[in-house]
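Read the structure below first, then the notes.
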């Protein structure tokens, strides 16, 4: 008897060899990702960053523009991600009520701490920021939706990692822990010790590990199986978010993350 396989997946679903990929599409998606990470680039800048020729990049851009995925800003001839890409990306957020349920909690957390509140998820060995409640303070942290950060140098990233088993953590750390500031944790032993402290107190601290002068306090949000699926954090300048305030903010972030866990049907392990 033939074995049934999940609908929507061809027999070669797990085959990532060249014969099962579309090179032109791969190039186009790479260019779109490069453009999205930069916020706006000229044709020559985009060609240089993507490692592709200017004529190839131009053909890709004009094709993407026909679908609204990119837009050309005439003054300066700068290309930007377009509304079409936003609409497609929004479909990801509609898969879950996480952003919707977290929003009022984030707004309240921002008002209580007077610092920017963030919501993020793990994406491979990185953190993807989904939503933000920005503080009105003049000097503030800013991680717009779509921003990506290194998991080991992020409050949310470390909050999620702290509840992973050691084997999974070692796989995440295997490629190496890049240094971003003098405070970045770059050894397995240092990371393991930091994650142990995170589990003990219930929240993680990014102590100027990604950006000098900025601190972040974060706690995990769990699903129905007690697995960490997202993180909630507050970020701000180190002169305001002092060590003493980190402890106070940590308790508030932990309570807020627990509230979102409950609101989305999750449970703490």
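The values are calculated or read from the model by the stated rules, or taken from the named source; none is laboratory data. Remember, predicted model here, so these are calculated numbers, not experimental data. So basically every Cβ, Gly included, is an ideal-geometry build from the backbone, and we count neighbours across all protein chains shown.
Quick notes on this structure:
- Being closer than 19 Å to residue 114 by Cβ and in contact with a strand residue (DSSP E or B) (Cβ under 7 Å, 6 or more places away or on another chain) is a property that does not hold for residue 260.
- Residue in the stretch 139-156 that is at positive phi, touching a residue at least 40 places away in the same chain (Cβ under 8 Å) and assigned to a loop (DSSP other than H, G, I, E, B) present: yes
- Set 127, 105: member being modelled with pLDDT of 95 or more and either over 14 Å from residue 230 (Cα atoms) or surrounded by 19 or more Cβ atoms within 10 Å (Cβ to Cβ) (or both): 105
- Note on the stretch 157-179: residues that are in contact (Cβ under 8 Å) with a residue 60 or more places away in the chain and farther than 13 Å from residue 218 by Cβ total 1.
- Unmet criterion (only one of (1) under 20 Å from residue 106 (Cβ atoms); (2) touching a helix residue (DSSP H, G or I) at 6+ places or on another chain (Cβ under 9 Å); (3) at pLDDT 95 or above) for residue 209: (1)
- Residue 218 vs. criteria closer than 22 Å to residue 178 by Cα, at pLDDT 95 or above and either crowded, with 22+ Cβ neighbours inside 10 Å or not assigned by TED's automatic domain parsing to the domain that holds residue 160 (or both): yes
- Matching entry among 195, 160, 191 (being in the same structural domain as residue 117 (by TED's automatic domain parsing), under 16 Å from the mean Cα position of the chain (by Cα) and part of a helix (DSSP H, G or I)): 160
- Matching residues in the stretch 101-138 - criterion: being in contact with a strand residue (DSSP E or B) (Cβ under 7 Å, 6 or more places away or on another chain), assigned to a loop (DSSP other than H, G, I, E, B) and in contact (Cβ under 8 Å) with a residue 60 or more places away in the chain: 115, 135
- Any hit, the stretch 163-174, residues being touching a helix residue (DSSP H, G or I) at 6+ places or on another chain (Cβ under 8 Å), within 30 Å of residue 108 (Cα to Cα) and either at pLDDT 95 or above or not assigned by TED's automatic domain parsing to the domain that holds residue 116 (or both): no
- Within the set 34, 56, 63, the sole residue that is assigned to a helix (DSSP H, G or I), without any contact (Cβ under 8 Å) to a residue 60 or more places away in the chain and either touching a strand residue (DSSP E or B) at 6+ places or on another chain (Cβ under 8 Å) or assigned by TED's automatic domain parsing to the domain that holds residue 162 (or both) turns out to be 34.
- Against the test of being in the same structural domain as residue 115 (by TED's automatic domain parsing), in contact with a helix residue (DSSP H, G or I) (Cβ under 9 Å, 6 or more places away or on another chain), under 14 Å from residue 106 (Cα atoms) and in a helix (DSSP H, G or I), the options 230, 257 yield a single qualifying residue, 257.
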